[in-house]
Amino acid sequence: MPPRKPPSRKRTTSRKPLPPLQFTQPLPYGAILRDGGVQFVVYSRSATGVRILLYAAAGDATPAESIDLDPSRDRWGDIWSVFVPGLGAGTLYHFQADGPFDPERGQRFDGRARLIDPYAKALAGKFVFDDDGLLVPPRCVVIDDAFDWQGDRHLRRGLSDTVIYEMHVRGFTASPSSGVENPGTYLGVIEKIPYLKSLGVTAVELMPVHEFAAAMPTADGIVRPNYWGYDPLAFFAPHRGYAADSAPGAQVREFKEMVRALHAAGIEVILDVVFNHTAEGNHLGPTFSFKGLENRVYYMLGDGGSTYRNYTGCGNTINGNHPIVRELIFLCLRNWVHNYHVDGFRFDLASVLSRDRNGDIQPNPPVVEVITEDPSLADTKMIAEAWDAAGAYQVGSFARLRWAEWNGRYRDDVRRFWRGDSAQTGHLATRIAGSSDLYAEHGRQPCHSINFVTSHDGFTLSDLVSYREKHNEANGEGNRDGDNNNFSENYGAEGPSRKPDIEAVRARQIRNMLATLLLSQGVPMLLFGDECRRTQRGNNNAWCQDNDVSWLDWTLVESNAGLVRFVRELVRFRLGTPTLRRRTFLSGGTSGAGSLPDVEWFGADGEPIDWHAADGGISCFFAAPTRERLVAGNNLEAGGIAGVPRHVLIVAHAGSESASIILPQPAIVRSLPWRLFVHTAQASPNDIFADGLGPLVDVTKPLELPGRSLVCMVASPAEAATGEAAG
């Protein structure tokens with residue numbers, strides 16, 4: 001009998017479209033919704049017993065029910081897990097864990113302590129004391145992650161095409177002057193999206209929004225405030241204090257609504273994350289989470305386990321390179337990326353992540369490598385604050401590949417140049433050109449430098465030019481807190497002044513530094529409110545000031561409308577000018593056959609600058625890259641920002657006296673039709689011209705500049721081709 005033929009299969013080139021990729025698998029730890037109940041999963045190697053405490057309401061200090069886990073049935077290795085039927089979303093809970101209390105060896109189990117789940121997706125309620133005087137932390141909330149994203153996806157904007165706006169969710173709209181319906185909340189941010197869009201910023205970098213101890217009471221009744229949010233309680237949970245709705249878990253929905261709305265406006269969301277310490281503090285601090293589950297794993301300990309290594313200045317240090325903690329960190333990042341559609345992270349005191357379990361700096365720390373290589377995080381931005389509170393300073397060397405860094409050298413060098421410090425011209429040139437001294441090695445790019453002049457940590461820009469000394473008396477620490485090295489100046493009066501000459505130089509210096517920031521190679525970051533002269537009244541460490549010291553006064557947007565317009569036009573020009581957003585470092589070589597060098601530097605005499613000469617005016621000439629170089633640098637990729645190639649000439653004069661600056665001498669430069677774009681010494685609206693379309697400048701004549709001023713001129717190769725002469 002002949003063998004049977006296999007059934008024929010009809011080939012087709014068409015197929016049904018696949019549904020969007022969904023990340024529906026739950027995290028392996030925490031409180032996970034299952035059909036008919038909740039699965040509770042928690043890690044503890046040394047616990048001898050674990051309980052789940054259930055609460056009837058968020059304000060209750062006493063649990064309504066206690067469920068004991070059976071070690072013989074509910075423990076799998078070092079994982080304790082039990083399914084509780086009949087529970088659903090909104091269930092409130094804590095863990096409790098019995099185990100050894102041996103502080104000399106790092107064991108701090110306390111069977112009475114109520115413990116926040118390290119993987120809790122939301123918290124509800126406040127810190128309270130129970131009838132026995134024990135501190136009860138906010139209750140954990142079981143969350144249903146379902147949300148209608150309406151097709152939202154990550155925007156995936158390249159770092160080179162990014163302008164960051166660092167802001168505090170509450171401080172952005174908490175002031176009554178904001179006029180929003182839901183001040184100080186995620187929904188309040190949504191109401192102000194039109195303003196953010198009008199500025200042109202492409203990303204907001206939110207100060208900590210994971211759960212933190214905003215107000216932790218102590219046994220003597222003193223409430224410890226924390227406005228900034230650098231005091232973590234639960235890394236996976238959005239902060240409940242920023243929700244308009246007080247219902248447990250509402251913050252999850254409102255945070256997602258904010259991200260969805262920002263994405264719809266073309267604005268990415270970057271989170272400031274604090275994987276370096278927690279609010280549990282040192283050996284004198286309370287036990288409400290990690291300490292009571294596995295203290296020796298979650299924290300770096302010293303002296304045999306009896307003390308906490310403190311590389312953060314906050315009492316304890318997360319043991320980030322322990323495998324268990326490393327897993328928590330990257331699962332947390334995945335949670336924010338895939339469950340909340342967050343676009344990137346700024347890692348507070350990131351050098352802590354470079355330390356091994358003994359606190360020594362490692363050249364290739366495992367947790368950093370895991371984050372770098374995690375395929376689930378491949379589309380996200382990773383930004384390091386590349387230092388810590390114990391002396392590590394890794395700016396330029398924190399990591400390779402995808403990690404960008406807050407460039408503290410940029411901040412200091414720009415401040416010192418414009419203050420008029422000696423021997424700063426070469427430093428300024430290096431920073432404007434993208435800090436190749438820090439980032440050119442190992443294949444890194446200018447976009448790995450996050451340039452900033454001010455941030456939440458320090459003076460606002462208005463205070464930087466109004467105060468010579470910090471004024472932190474309101475913090476209650478005798479003005480001892482905060483950095484003493486601010487490179488600031490008051491120009492004749494400490495604090496507010498009505499003298500026109502003082503106010504004129506302050507306004508000019510603000511424009512000088514904003515223009516420098518937004519005309520530099522690298523990625524600019526603005527501090528919220530700097531565009532309208534927000535002040536903290538000289539406080540350079542306003543971490544505990546949840547009041548009008550820190551909040552944005554929205555009347556400033558109107559009273560300083562000229563400065564707001566100045567910033568708006570700078571951002572618009574930057575995003576429309578690929579000359580300022582190069583993917584490769586400037587070399588001084590030509591930008592194409594027969595073209596100009598990509599950068600040239602000139603002194604006040606118009607000749608190539610002598611870097612060893614005395615300080616004076618400096619001119620920076622950025623030549624527009626050719627189309628070939630734009631394509632090679634991915635500026636013209638699909639969805640990227642190309643803009644119009646333009647030559648950019650920047651003249652910076654930091655001296656206090658007027659100066660006559662001779663513009664660059666080379667014939668090729670002098671033959672271009674230069675138009676005025678920025679002139680910080682001129683009154684608004686002539687301090688900046690939209691799209692660089694100001695009046696033509698006669699570059700054959702000296703440029704007369706008042707003290708402390710900046711001029712930027714623009715020449716279009718297309719206009720030059722027409723043969724139009726300057727005049």
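The values are calculated or read from the model by the stated rules, or taken from the named source; none is laboratory data. Quick caveat: nothing in here was measured; it's all calculated off a predicted structure. Positions of Cβ are generated from backbone atoms using ideal geometry, with glycine treated the same way; all protein chains shown enter the neighbour counts.
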Q | Some residue of the stretch 161-168 being of a type outside the set (Ser, Thr, Tyr), surrounded by fewer than 18 Cβ atoms within 10 Å (Cβ to Cβ) and over 19 Å from residue 531 (Cα atoms) | A | no
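Count, please, the residues in the stretch 107-117 that happen to be surrounded by fewer than 22 Cβ atoms within 10 Å (Cβ to Cβ) and either of a type in the set (Ser, Thr, Tyr) or assigned to a loop (DSSP other than H, G, I, E, B) (or both).
Restricting attention to the stretch 107-117, the residues satisfying the condition of being surrounded by fewer than 22 Cβ atoms within 10 Å (Cβ to Cβ) are 107, 110-112.
From what is left, the residues that are either of a type in the set (Ser, Thr, Tyr) or assigned to a loop (DSSP other than H, G, I, E, B) (or both) are 110-112.
Within the stretch 107-117, residues that are surrounded by fewer than 22 Cβ atoms within 10 Å (Cβ to Cβ) and either of a type in the set (Ser, Thr, Tyr) or assigned to a loop (DSSP other than H, G, I, E, B) (or both) number 3.
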Q: Restricting attention to the stretch 602-625, report how many residues are surrounded by 19 or more Cβ atoms within 10 Å (Cβ to Cβ) and assigned to a strand (DSSP E or B).
A: 6
Q. Hey, among the residues in the stretch 338-376 that are out of contact with any strand residue (DSSP E or B) (no Cβ under 9 Å at 6 or more places or on another chain) and among the aliphatic types (A, V, I, L, M), which one's farthest from residue 161 (Cα to Cα)?
A. 367
Q. Could you say which residue among 172, 127 is within 30 Å of residue 61 (Cα to Cα) and in contact (Cβ under 8 Å) with a residue 24 or more places away in the chain?
A. 127
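Being in a strand (DSSP E or B) and either in contact with a Pro (Cβ under 6 Å, 6 or more places away or on another chain) or among the β-branched types (Val, Ile, Thr) (or both) is the filter here, so list the residues in the stretch 419-461 that pass it.
First pass over the stretch 419-461, keeping only residues in a strand (DSSP E or B): 449-451.
Listed by number, the residues that qualify are 450, 451.
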Q: Hey, can you tell me all the residues within the stretch 168-220 that are at pLDDT below 95 and of a type in the set (Ser, Thr, Tyr)?
A: 218
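Conditions tested, residue by residue: (1) β-branched (Val, Ile, Thr); (2) in contact with a His (Cβ under 6 Å, 6 or more places away or on another chain); (3) surrounded by 22 or more Cβ atoms within 10 Å (Cβ to Cβ); (4) not assigned by TED's automatic domain parsing to the domain that holds residue 489.
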{"site": "659", "(1), (2), (3), (4)": "no, yes, no, yes"}
{"site": "671", "(1), (2), (3), (4)": "no, no, no, yes"}
{"site": "680", "(1), (2), (3), (4)": "yes, no, yes, yes"}
{"site": "684", "(1), (2), (3), (4)": "no, no, no, yes"}
{"site": "699", "(1), (2), (3), (4)": "yes, no, yes, yes"}
{"site": "706", "(1), (2), (3), (4)": "no, no, no, yes"}
{"site": "711", "(1), (2), (3), (4)": "yes, yes, yes, yes"}
{"site": "717", "(1), (2), (3), (4)": "no, no, no, yes"}
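Just checking, which of 417, 398, 330, 347 is touching a residue at least 60 places away in the same chain (Cβ under 8 Å) and closer than 27 Å to residue 297 by Cα? Full working, then the answer.
Values: 417 fails: closer than 27 Å to residue 297 by Cα; 398 fails: touching a residue at least 60 places away in the same chain (Cβ under 8 Å); 330 fails: touching a residue at least 60 places away in the same chain (Cβ under 8 Å).
Just one listed residue meets the conditions, 347.
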Q) Taking the stretch 315-353 on its own, how many of its residues are in contact with a Gly (Cβ under 7 Å, 6 or more places away or on another chain) and not charged (D, E, K, R)? A) 5
**Q.** The lone exception for residue 476 - which of (1) surrounded by fewer than 22 Cβ atoms within 10 Å (Cβ to Cβ); (2) at negative phi; (3) of a type in the set (Gly, Ala, Ser) it fails
**A.** (2)
Q. If you go through the stretch 356-383, how many residues are of a type in the set (D, E, K, R), assigned to a helix (DSSP H, G or I) and surrounded by 13 or more Cβ atoms within 10 Å (Cβ to Cβ)?
A. 1
Q: Answer yes if at least one residue in the stretch 413-433 is more than 30 Å from residue 656 (Cβ to Cβ), out of contact with any Asp or Glu (no Cβ under 7 Å at 6 or more places or on another chain), among the charged types (D, E, K, R) and surrounded by fewer than 17 Cβ atoms within 10 Å (Cβ to Cβ), and no otherwise.
A: no
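Please enumerate the residues belonging to the stretch 556-590 that are in a loop (DSSP other than H, G, I, E, B) and among the hydroxyl-bearing types (Ser, Thr, Tyr). So that I can check it myself, show each step before the final result.
Of the residues in the stretch 556-590, the ones in a loop (DSSP other than H, G, I, E, B) are 560, 576-577, 581-589.
577, 584, 587, listed by residue number.
Yes/no matrix, rows are residues, columns are (1) surrounded by 18 or more Cβ atoms within 10 Å (Cβ to Cβ); (2) in contact with a Ser or Thr (Cβ under 7 Å, 6 or more places away or on another chain); (3) farther than 28 Å from residue 569 by Cα:
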{"residue": "82", "(1), (2), (3)": "yes, no, yes"}
{"residue": "102", "(1), (2), (3)": "no, no, yes"}
{"residue": "128", "(1), (2), (3)": "no, no, yes"}
{"residue": "172", "(1), (2), (3)": "yes, no, no"}
{"residue": "175", "(1), (2), (3)": "yes, no, no"}
Q. Out of all the residues in the stretch 470-507, which are in a loop (DSSP other than H, G, I, E, B) and under 26 Å from the mean Cα position of the chain (by Cα)?
A. 470, 471, 472, 481, 482, 483, 484, 485, 486, 487, 488
Q. Got at least one residue in the stretch 426-437 being touching a strand residue (DSSP E or B) at 6+ places or on another chain (Cβ under 8 Å) and on the phi > 0 side of the Ramachandran plot?
A. yes
